[in-house]
Amino acid sequence: MEWTRVRDWLIGALGMLVVLVVAVAVLWWVASGPAGADGGAGSGPPSQAEPPAGPPAGLGEDEVWIADVELDAGTVVAADSTLRDVRALGQGVVTGPGGLVADRLTVGATVPFDAVAAELGGGTVVRPAGDGQVTVVRTVEALGRDLPVTATGTVDVEDGRLVMEPRSIDVGGPGFLSDGIAAVVRRFVTIEHRIEGLPEGLVLRDVAVQGDGFRASLTGEDVALAP
């Protein structure tokens, strides 16, 4: 009899536990949404204006209007540029005999550090330095000697280019000697990168340093996506 009571108690407790788990699962399902439905950071294209209300007046019979088109790509290689984690949004896209044109195109993409380092050459290494800065490390030939140079600076947008003008340059040795040599080697550790291969009309608006490269934001209007 004693074992029968224990068995019945265990069965009842197990049943209550199952009911409790099911109830919690149902409440969680109702209270939450699918993963990514909230448009969390990095899940979609860059921020953009409200989509156009409707197709333009005079849309031809052989033309098609699309309110918005999104593109996500892990890697895009165009011309001499390599881009990672590309997210693009085209708004007010018209396709027809004249090609494929977007009223507005917004693109977010990462320029890998290695791609920028390769432009500088000389075994250059480019890496994040904290506080939104970047460090360039390379060997430079100056005054007949090979000098290890470490330069650090912030990244800005100038004339549509990604630019890092060094704020500090270290070549080792006494301070007065470093200052003199720094002026000579500055141009070898200055980054001036233009993102190539993207549709005409896209302009670099902002850039930030992140762990794997430079995160670039580009926008443009009346951008031809395809001829």
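Read-outs: derived from the displayed coordinates by stated rules, not from any lab. Please read all numbers here as calculations on a predicted model, not as lab measurements. All Cβ positions, glycine included, derive from the backbone under ideal geometry; neighbour counts span all protein chains shown.
Computed values, structure above
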{"quantity": "Within-14-Å neighbourhood charge of W65 [Cβ basis; K, R +1; D, E -1]", "calculated": "-4"}
{"quantity": "A226 paired with D114, simple spin-label distance in nm, labels 7 Å along Cα-to-beta-carbon", "calculated": "3.0"}
{"quantity": "At R0 = 22 Å, FRET efficiency that the Cβ-Cβ distance of D131 and E200 yields, to 0.05", "calculated": "0.05"}
{"quantity": "Spatial separation of Cα centroids for region 107-144 and region 159-173, in angstrom", "calculated": "10"}
{"quantity": "Efficiency of FRET from Cβ geometry, Q210 and L59, R₀ 30 Å, rounded to 0.05", "calculated": "0.15"}
{"quantity": "Assigned charges on the beta-carbon of Lys, Arg, Asp, Glu; region 113-193 dipole about Cα centre (debye)", "calculated": "200"}
{"quantity": "GluC sites (Glu not before Pro) within region 58-158, DSSP loop, no more than 11 other Cβ atoms inside 10 Å", "calculated": "E61"}
